[in-house]
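Chemist: This structure is in structure tokens; I'll ask about it shortly.
Throughout, read-outs are computed from the coordinates displayed, never taken from laboratory work. These numbers come from a predicted model, not from an experiment. Positions of Cβ are generated from backbone atoms using ideal geometry, with glycine treated the same way; all protein chains shown enter the neighbour counts.
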Amino acid sequence: MDLQGRHLVEPLDLSVDEIEWLIDAAGRIVAKPEDYAEACKGKLLATLFYEPSTRTRFSFEAAMLRLGGQVIGFSEPSSSSVSKGESIADTIRTVACYADIAVMRHPKEGSALVASRCADIPVINGGDGGHHHPTQTLTDLMTIKLEKGGFNNITVGMCGDLKFGRTVHSLIRALTRYSGVRFVLISPDELRVPEYVREEVERSGAEFEETRDLREALPELDVLYMTRVQRERFFNEEDYIRLKDSYILDAEKLRSAKQSLMVLHPLPRVNEISADVDADPRAFYFRQAKNGMYIRMALIMALLGSKGV
Ligand code: NCD
């Protein structure tokens, strides 16, 4: 599979076959990590984080370090020339002079696309505003595939902030390419998926329903993707406070769910999954976070054209 030199801005930048291949490659790395310890020796990853992050930044950095490469970057734009008013275009052009590959997270939708057009190194979107987050989607797909064997004929519930949640938009877009995926979109009215996402689902022909009721939807789900209400994208705090605890998954609610349900969450969680769910074998969110590092190892190797993955 040749992904060398490509950018990853949104999930459809990768074909279904390329995604399958990356998941398999991540599996090979999980099985024998020592074989990959020098795969990116001498290569440099730049992490440009204009927004807070734990998993995405650390998993990218850990991934590169475990491949024998090195990392530069910022996690606070105030510590770089961004604070002096430098544009994304100029920042990425400069970073491309020093690094071999870059991952960028930015509060503005479209920022990763702009960066990818200005850079002659692969640019990975680590989240652009409320738009997309393709490497979280790779993580989600890997976690589902390892457990369910594939993506056909599953009922996937997405619950919480479907309006601003970029992980939701990317995962829906990726899953519409498989046959028989049924979506149950669970949110308060104000936080329903944006029109363009609903249209994508409609165009794909996938079956979907929108509901406000998590309890009622739960028994039919094979996957439940919980999300945090995205406080930083709200225009006013009062709306956030009113909506933030719309859904709280707890052990009592889970009683009505299938034994084979997978509960996923991109994390961080606030209140939407209570701690009493963590010990349930259906809670997959920390395994999901771990998979994130392995799939990013596979992705970095592929985009850099490293041998042996
Ligand atoms: C998500 C994000 O940043 O979009 N986190 C992550 O990358 N795992 C989800 C969130 O912040 O709610």
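Chemist: What is the order of LYS163, LYS244, LYS148, fewest Cβ neighbours within 10 Å to most?
Modeler: Values: LYS163 21, LYS244 18, LYS148 15.
Ordered by Cβ neighbours within 10 Å, fewest first: LYS148, LYS244, LYS163.
Chemist: Once both labels are modelled 7 Å past Cα along the beta-carbon direction, what's the THR54-ASN271 spacing in nm?
Modeler: That separation, rounded to one decimal, is 1.9 nm.
Chemist: Between ILE72 and GLU210, what is the label-point separation in nm under the 7 Å Cα-to-beta-carbon projection?
Modeler: Result for the modelled spin labels: 4.6 nm.
Chemist: Quick one: 3J(HN,Hα) in Hz for segment 131-137, Karplus 6.51/-1.76/1.60 with θ = phi - 60°, rounded, Gly and Pro as x.
Modeler: Here the 3J(HN,Hα) series is 9, 9, 8, x, 6, 5, 5 Hz.
Chemist: Treating cross-link reach as a plain straight distance, find the lysines whose alpha-carbon is under 24 Å from the alpha-carbon of LYS148, omitting any fewer than eight places away in the same chain.
Modeler: LYS32, LYS253, LYS258, LYS290
Chemist: So if we plug the beta-carbon distance of SER83 and PHE286 into 1/(1 + (r/R0)^6) with R0 = 35 Å, what FRET efficiency do we get, rounded to 0.05? Mind dumping the intermediate values first?
Modeler: Values: r = 35 Å, r/R0 = 0.99.
Rounded to the nearest 0.05, the efficiency is 0.50.
Chemist: With labels modelled as points extended 7 Å from the Cα through the Cβ direction, what inter-label distance (nm, one decimal) is found for CYS97 paired with ILE241?
Modeler: If labels sit at CYS97 and ILE241, their model points lie 4.9 nm apart.
Chemist: Also: Output the peptides 114-126, 20-32 sorted from most to least packed, where packing is the average of other Cβ atoms within 10 Å over each peptide's residues.
Modeler: Working: 114-126: 21.6, 20-32: 17.4.
So the peptides 114-126, 20-32, ranked by packing, come out 114-126, 20-32.
Chemist: What relative contact order, as a whole-number percentage, does segment 1-122 give when Cα pairs under 8 Å and 6 or more residues apart are counted?
Modeler: Values: 151 pairs, mean separation 35.0, N = 122.
RCO, segment 1-122: 29 percent.
Chemist: Under a Cβ-only charge scheme (Lys and Arg +1, Asp and Glu -1), can you give me the dipole magnitude of the chain about the Cα centre, in debye to the nearest 20? Intermediate values should be presented prior to the final figure.
Modeler: Values: 39 positive and 46 negative charges, 149 e Å.
Using Cβ point charges on Lys, Arg, Asp and Glu, the chain gives about 720 debye.
Chemist: For the chain, what ratio Rg/Rh do Cα atoms give with a Kirkwood hydrodynamic radius? Before the final figure, lay out each step's value.
Modeler: Working: Rg = 19.0 Å, Rh = 19.8 Å.
Dividing the radius of gyration by the Kirkwood radius yields 0.96.
Chemist: Let me ask something additional. Multiplying the sequence separation of ASP278 and ASP2 by 0.36 nm and subtracting their Cα-Cα distance, what value in nm do you get?
Modeler: On the way: separation 276, 0.36 × 276 = 99.36 nm, distance 3.88 nm.
That works out to 95.5 nm of additional length.
Chemist: While we're on this one: Is it possible to state the helix-based mean residue ellipticity at 222 nm for the chain, with each DSSP H run of 4+ residues giving -39500 (n - 2.57), the sum divided by total residues, to the nearest 500 deg cm²/dmol? What is it? Each step should come with its number before you reach the end.
Modeler: Working: 11 runs with 117 residues, N = 309.
One gets -11500 deg cm²/dmol as the mean residue ellipticity at 222 nm.
Chemist: Pop out the ³J(HN,Hα) list for segment 12-17 in order, Karplus 6.51 cos²θ - 1.76 cosθ + 1.60 with θ = phi - 60°, rounded to Hz; leave Gly and Pro as x.
Modeler: Running phi through 6.51 cos²θ - 1.76 cosθ + 1.60 with θ = phi - 60° gives 7, 5, 10, 6, 4, 5 Hz.
Chemist: For segment 205-281, how big is Rg over Rh, using alpha carbon atoms and the Kirkwood form of Rh?
Modeler: Details: Rg = 13.6 Å, Rh = 13.8 Å.
On the Cα set of segment 205-281, Rg over Rh gives 0.99.
Chemist: Bin all alpha-carbon pair distances of segment 1-136 at 5 Å intervals from 0 and give each bin's fraction as a whole percent.
Modeler: All Cα pairs considered, the percentages come to 2, 10, 18, 24, 22, 14, 6, 3, 1, 0.
Chemist: Compute the convex hull volume of the Cα atoms of segment 135-288, divide it by the residue count, and report the result per residue in Å³ as a whole number.
Modeler: Working: hull volume 15.8 nm³, N = 154.
In segment 135-288, the Cα hull volume divided by residue count equals 103 Å³.
Chemist: Let me ask something additional. When the chain is treated as a GNM, springs tying every alpha-carbon pair under 10 Å, which of PRO11, PRO266, PRO77 comes out with the largest mean-square fluctuation?
Modeler: Of the options given, PRO77 has the highest mean-square fluctuation.
Chemist: Might you report the magnitude of the Cβ-based charge dipole of segment 135-288 about its Cα centre, with Lys and Arg at +1 and Asp and Glu at -1, to the nearest 20 debye?
Modeler: On the way: 23 positive and 27 negative charges, 110 e Å.
Computed about the Cα centre, the dipole is about 520 debye.
Chemist: Can you return the lysines within cross-link range of LYS84? Criterion is Cα-Cα under 28 Å, with same-chain partners fewer than 8 residues away left out.
Modeler: LYS108
Chemist: For segment 51-117, which GluC sites (Glu not before Pro) pass both filters: DSSP loop (anything but H, G, I, E, B) and at most 16 other C-beta atoms within 10 Å?
Modeler: Values: sites: GLU61, GLU86, GLU109; in loops: GLU86, GLU109.
Taking segment 51-117 and a limit of 16 other Cβ atoms within 10 Å, the loop GluC sites (Glu not before Pro) found are GLU86, GLU109.
Chemist: For segment 204-249, which chymotrypsin sites (Phe, Trp or Tyr not before Pro) pass both filters: DSSP loop (anything but H, G, I, E, B) and at most 12 other C-beta atoms within 10 Å?
Modeler: Details: sites: PHE208, TYR225, PHE234, PHE235, TYR240, TYR247; in loops: PHE234, PHE235, TYR247.
Loop-located and lightly packed - PHE235.
Chemist: So which aspartates and glutamates pass the test for LYS163, namely a Cα distance under 12 Å, with those fewer than 8 places away in the same chain ruled out?
Modeler: ASP189, GLU190, GLU195
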